[in-house]
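What follows is a set of notes on a single structure, which appears directly below.
Values in this text are rule-based calculations from the coordinates and carry no lab data. Everything quoted here is computed from the prediction, not taken from an experiment. As a convention, Cβ positions derive from the backbone with ideal geometry for all residues, glycine included, and neighbour counts pool all protein chains shown.
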Amino acid sequence: MLERLLERFLFTSRWLLAPFYMGLVVALLVVLIKALQELAHLVRIAVGAAESDIIVGVLTLVDLTLTGSLIIIVIFSGYENFVSKIDESTHKDWPEWMGKIDFTGLKLKLMSSIVAISAVQVLKAFMNIRNVSDRDLTWHLTIHMGFVVSALILALTDRISEGGHKAERTQPGHSAGGL
């Protein structure tokens with residue numbers, strides 16, 4: 001009985017994550033405000049600005065959009081993986097990917113988004129190369145390559161790990177349920 005009580009307590013504690021996801025919704029609103037500010041700035045300078053300034057402004061909007069998309073992925077995938085399933089039948093425009101991303105998929109999407117955001121930052125630095133020092137450009141590239149290598153290593157370890165689980169499931173005497 002004590003074991004069941006402890007397990008129920010531990011299982012219920014997953015709801016402590018819900019405020020974190022609500023905090024991410026607030027963060028999404030902050031990103032939206034910043035995107036609207038950037039859009040207003042881009043519209044104000046559109047006529048007289050140099051092409052590179054327009055491209056940097058657009059890349060900033062792309063960067064903020066990727067960040068917002070990343071927040072949405074973390075909110076829904078994290079909530080569904082760790083807190084509670086969402087009843088998709090009550091939402092007619094339910095995106096197909098939601099509810100299908102497991103923790104491994106979430107990690108890979110997170111790293112892919114970080115790499116994409118980092119790539120946009122590097123591209124913005126190249127577009128503004130007149131105002132970026134060699135030192136700053138080197139740091140942009142180094143950090144970006146660190147993210148790329150980390151993402152590749154994560155994908156490789158997940159692939160190796162999944163290969164081991166597939167081999168385990170196909171061996172005689174092992175159930176298909178697996179870990």
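Filter the chain for me: DSSP H helices, axial length by Cα at least 27 angstrom, mean Kyte-Doolittle hydropathy not below -0.5. List them by residue number. Mind dumping the intermediate values first?
Values: long enough: 18-45 (41 Å, 1.66); 51-82 (45 Å, 1.37); 103-127 (36 Å, 1.32); 134-170 (53 Å, 0.00).
Helices meeting the criterion: 18-45, 51-82, 103-127, 134-170.
Taking label positions 7 Å along the Cα-Cβ direction at both Tyr21 and Asn131, the computed distance is 4.0 nm, reported to one decimal.
Pop the C-beta distance of Thr104 and Lys34 into the FRET formula with R0 = 25 Å and round what comes out to the nearest 0.05. Write out the running numbers ahead of the final one.
On the way: r = 31 Å, r/R0 = 1.23.
Efficiency at R0 = 25 Å is approximately 0.20.
Using a 10 angstrom Cβ neighbour count of at most 13 plus a DSSP loop assignment to flag exposed trypsin sites (Lys or Arg not before Pro), which longest range of the chain is free of such sites? It would help to have the intermediate numbers written out before the result.
On the way: sites that count: Lys85, Lys92, Lys100.
Counting only loop sites that pass the neighbour cut-off, the longest clear stretch is 1-84.
Only aspartates and glutamates eight or more places from Lys34 in sequence, or on another chain, were considered; those with a Cα closer than 15 Å are Asp63. Per-residue ellipticity at 222 nm, computed for the chain from helices alone with -39500 (n - 2.57) per DSSP H run of at least four residues, works out to -26500 deg cm²/dmol. Given R0 = 30 Å, the distance between the Cβ atoms of Gln121 and Asp87 translates into a calculated FRET efficiency of 0.20.
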